[in-house]
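Remarks on the structure that follows.
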Amino acid sequence: MKEILKGEKIWMILLEVLKAFWDTAKNVLPIVLFLCVFQLIILRKPIQEIKTLALGTLLSVIGLHLFLKGVSLSLIPLGDSVGRNLVLMNNKYLIAIFAFMVGYFATLVEPGLRTLALEVEEISTGAIPVKILINAVAIGFGLGMSIGIVKILNNIPSKTILFPIVLVAAVLGYFAPREFVDIAIDSASATTGPVNIPLNMAIALGLSKILETSDPLLNGFGIIGLTSMGAVISVLVLGILTRI
């Protein structure tokens, strides 16, 4: 009897695991199938290395599922806990410095940003090195994270901070080289990846939840936009410095 119950329990666990993987696969398979059908029917070109494509798709599903599971078990709860306990520092300047450091180092490991930087270095034939672009974006993202945390601490409306930042970005965009304007826009998107969004948003929400004067719905969100604008500004400044 115990062996039967144990077998049923194992079978239930296996079904739950397979269902979780299938939920992830439903997000990946449609785009793969769409591209395959488009190439075969519209472009009328054969698909090369079908076995490699199938294996790569399977690994993508497994990797994405494991990553999302890992983030939900680690970065999100850890970020929320850190955000809730930031007030224990009892010093807004130290909290702002901490926010900058988190934003800076989290951006350095963003895979999307590194891919963009490699492409930029290749297209520019080395004129814009990978390390310089990544660090410039990380500095801007860190400053944006710091501004976002200060906004939460002081209960400042997002539009009060956003309008001046957009104005500064517009002015810098006018003086920066054209190629840096385009790179700045892409850099902002590349920073909103699988590391920054769960970690930084969790910290912002955790801090906003613990402050009596802060509404998590009004102040907890919007920080990713501010960090992205910080990345835009930093790349535009880099472009102006290269021109000078």
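The values are calculated or read from the model by the stated rules, or taken from the named source; none is laboratory data. Quantities reported herein were computed from a predicted structural model and do not represent experimental measurements. Heads up, the Cβs are rebuilt from the backbone with ideal geometry, glycines too, and the neighbour counts pull from every protein chain shown.
Descriptive notes on the structure:
- Considering residues of region 11-37 that are loosely packed, with under 12 Cβ neighbours inside 10 Å and aromatic (Phe, Trp, Tyr) only, the residue farthest from PRO194 (Cα to Cα): TRP11
- Among the residues of region 212-231, those identified as of a type outside the set (S, T, N, Q) and assigned to a helix (DSSP H, G or I) are PRO216, LEU217, LEU218, GLY220, ILE223, ILE224, GLY225, LEU226, MET229, GLY230, ALA231.
- Matching entry among THR213, THR191 (being on the phi < 0 side of the Ramachandran plot and surrounded by fewer than 20 Cβ atoms within 10 Å (Cβ to Cβ)): THR213
- Only one entry in LEU59, LEU40 is modelled with pLDDT of 85 or more, exposed (fewer than 13 other Cβ atoms within 10 Å of the Cβ) and over 28 Å from PRO194 (Cβ atoms), namely LEU40.
- Taken over region 146-170, the residue count meeting the criterion of being out of contact with any helix residue (DSSP H, G or I) (no Cβ under 9 Å at 6 or more places or on another chain) and either part of a loop (DSSP other than H, G, I, E, B) or farther than 28 Å from PRO111 by Cα (or both) is 4.
- Taking residues in region 93-115 that are assigned by TED's automatic domain parsing to the domain that holds VAL137, and partners anywhere that are outside any helix (DSSP H, G or I), the pairs with Cβ atoms closer than 6 Å and at least 6 places apart or on different chains are ALA106/VAL195; VAL109/VAL195; GLU110/GLY193; GLU110/VAL195; GLY112/GLY193.
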